[in-house]
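See structure below.
Coordinate-derived values only; no laboratory data. Everything numeric in this text was worked out from a predicted model, so none of it was measured. Because the Cβ atoms are built from the backbone with ideal geometry, glycine has one as well, and the counts that use them run over all protein chains shown.
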Amino acid sequence: KNVMAASVSSFLIMPNQARVWLVDVSHWNIPPVDLKRMVDLYSLDGVVIKACDGSLNSRYYLEHVAAAKKAGIPWGAYVWLYPNNRVSIDAQVTAWHARTVNDPPPMGIFIDAESTTYNGQPANPLSADLRMAHDKWYARTGRPATTYTSPGYAKAYLSNFDFSREELWIAH
């Protein structure tokens, strides 16, 4: 619906594209990642690090957190969301909390809602899954999470989601 596109776009702020604001790293980025060099070359402001894939810990999270600390920049933890009918939202939120409770990310948690598969089958989280994840995270921690998604995904799968309730990071 055009209403969905308007609601997502109303939260967009285009940054200065001449510099890097944030980067994200995951298990695909084998440590060490030289975040200090990115700070020096591009004035990097922070990094968002994959902490969990559903209810499973993501490889290299702790090494990437150490690199962020060494570079003197804040980090956030992003967590890959699966639909509740594939991986219990309770199990996912419990894993996210366990992964971050002892060293809370200064930038908080980013719930990554995008196209995915589970056991080789499409498993795209919908508005109800994302709302449940946000609500359970807030109930457990007393802190809101940020949604991370793309305009195309939001239009196709999150058309009923109220984007005004939490922060939103749009992938480009």
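Details
- Extension gain (nm, one decimal) between Arg140 and Ile30, 0.36 nm per residue minus Cα-Cα: 36.5 nm
- Residue-by-residue Karplus 3J(HN,Hα) for the stretch 119-134, coefficients 6.51, -1.76, 1.60, Hz, glycine and proline x: 6, x, 10, x, 8, 7, x, 10, 3, 5, 5, 5, 5, 4, 5, 4
- Per-residue 3J(HN,Hα) values for the stretch 86-93, derived from phi via the Karplus relation 6.51 cos²θ - 1.76 cosθ + 1.60 with θ = phi - 60°, read 10, 9, 3, 4, 4, 5, 5, 5 Hz in sequence order (x marks Gly and Pro).
- Taken over the C-alpha atoms, the stretch 77-156 has Rg and Dmax values of 12.3, 36 angstrom.
- Summed residue charge, Cβ within 9 Å of Leu81's Cβ, Lys/Arg positive, Asp/Glu negative: -3
- Across the chain, the relative contact order, built from alpha-carbon pairs under 8 Å that are at least six residues apart, equals 20 percent.
- From the alpha carbon centroid of the stretch 112-132 to that of the stretch 55-77 is 24 Å.
- Residues whose placed amide H lies under 5 Å from that of Glu114, excluding near-sequence neighbours: Leu81
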